[in-house]
Amino acid sequence: ASPPSPKQQVAIKAAEIVDNGMIVGLGTGSTANLFIDELARRQHEQQLEIQVVASSVISRVKAQQAGLQVISIEHLSHLDMYVDGADEVTTDMQLLKGRGQDLVCEKLLASHATAFYVLVDDSKMVSRIGEKNAIPIEVMPSAAQLVLNRLAKLQAKGSLRLNAAGDNVAYSAAGNLILDMQFTDLETAQINALLTVMPGVVEHGIFADIVKAVFIGSSDGVKLLQR
Ligand code: DER
């Protein structure tokens, strides 16, 4: 078989730190899928006794099909770890997420987990958040225009996310609309602070200071950023 790709290598590393008896949160996306596969492999090969909770329907279905024991978020007593991908990572471990449609649940589980681990390949590394992607801002549908107006006053530019066909707005898994916005003259910490308290904003893609470790896969192996 061909050697594991950088993304597979980080998924393997993350699956190795799962211990018996843990409740493990599953992220959403292509890297999270590789982690689910590795976790299922470990459970099968080493009779691991774990339970999992998923950040999306697609990850729940994948986990169930892989034979993992899925519990619902409503019944969570605690969450030992949450493992997910990201769209951008800085060397001081700030993240941008939300290119998918499950941001609300991803951040809920990431923030409540005892340990939040992020799996990326080195293409996701940036020197500042927002360098390569817009900031996803999930808004109450009725608040989209009000929030857009408010952000325009802060020189932010962007638009409502459309569906794949481009012929309608995209709704998130939580039933909200998503504004993809670029900010020019505000620091990440300022954007994070203003979005976190802005009425109408349900969630946003800046994950500041909640990551325990980032596994970075590249052609020369796996690097670890640790808090
Ligand atoms: O939606 C998200 O935040 C996901 O983590 C995602 O954007 C990362 O996906 P990938 O692992 O497929 O790159």
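The values are calculated or read from the model by the stated rules, or taken from the named source; none is laboratory data. Computed from a predicted model, the values in this text were never measured in an experiment. Backbone-built Cβ (ideal geometry, glycine too); neighbour counts: all protein chains shown. Ligands, DNA and RNA are stripped out before the accessible areas are found, and what is left, the full protein with its side chains, is counted by its heavy atoms. Shrake-Rupley method; radii C 1.70, N 1.55, O 1.52, S 1.80 Å.
Structure summary
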item: Karplus-derived 3J(HN,Hα), 6.51/-1.76/1.60, for each residue of the range 84-99, Hz, glycine and proline x; result: 8, x, 7, 9, 9, 9, 9, 5, 9, 6, 8, 10, 10, 10, x, 6
item: Estimated [θ] at 222 nm from DSSP helical runs (n ≥ 4, -39500 (n - 2.57)) normalised by residues in the chain, nearest 500; result: -9000 deg cm²/dmol
item: Inter-site label distance for residue 61 and residue 1 at 7 Å from Cα along Cβ, in nm; result: 2.5
item: Local net charge near residue 176, Cβ-Cβ under 12 Å (Lys/Arg +1, Asp/Glu -1); result: -2
item: Gap separating the Cα centres of the range 1-35 and the range 81-117, nearest whole Å; result: 14
item: DSSP-assigned coil residues among GluC sites (Glu not before Pro) in the range 88-166, each with at most 12 further Cβ atoms within 10 Å; result: 131
item: Per residue accessible area in Å² of the range 161-227, where ligands, DNA and RNA are left out and the probe is 1.4 Å; result: 52
item: Heavy-atom accessible surface of the range 71-116: percent carbon and sulfur, 1.4 Å; result: 51
item: Net charge of Cβ neighbours under 15 Å - reference residue 30; Lys, Arg +1; Asp, Glu -1; result: -2
item: The range 1-128 - percent relative contact order, Cα under 8 Å, separation 6 or more; result: 28
item: Kirkwood Rh, Cα atoms: Rg over Rh of the range 180-227; result: 1.12
item: FRET efficiency, residue 112 to residue 132 (Cβ-Cβ, R0 25 Å, nearest 0.05); result: 0.35
item: Added length on full extension, which subtracts the Cα-Cα distance from 0.36 nm per residue, residue 152 to residue 92; result: 18.8 nm
item: Vicinal HN-Hα couplings computed from phi for the range 191-196 (Karplus, 6.51 cos²θ - 1.76 cosθ + 1.60; Hz; Gly/Pro x); result: 4, 4, 5, 6, 6, 5
item: Three-way shape label, the range 102-225, alpha-carbon gyration tensor, a/c 1.5; result: prolate
item: Cα gyration tensor shape for the range 9-87, rounded if a/c is under 1.5, else prolate or oblate; result: rounded
item: Overall Cα dimensions of the chain - principal axes, largest extent first, Å; result: 56, 38, 34
item: Separation of alpha-carbon centers, the range 163-227 and the range 132-154, rounded to whole Å; result: 13
item: Relative contact order [Cα under 8 Å, 6+ residues apart], the chain, whole percent; result: 22
item: Virtual spin-label span in nm between residue 162 and residue 220, 7 Å along Cα→Cβ; result: 4.3
item: On Cα atoms only, tilt of 30-46 relative to the major axis of the chain in degrees; result: 20
item: Segment residue 182-residue 169, length gained on full extension (0.36 nm per residue, minus Cα span); result: 2.8 nm
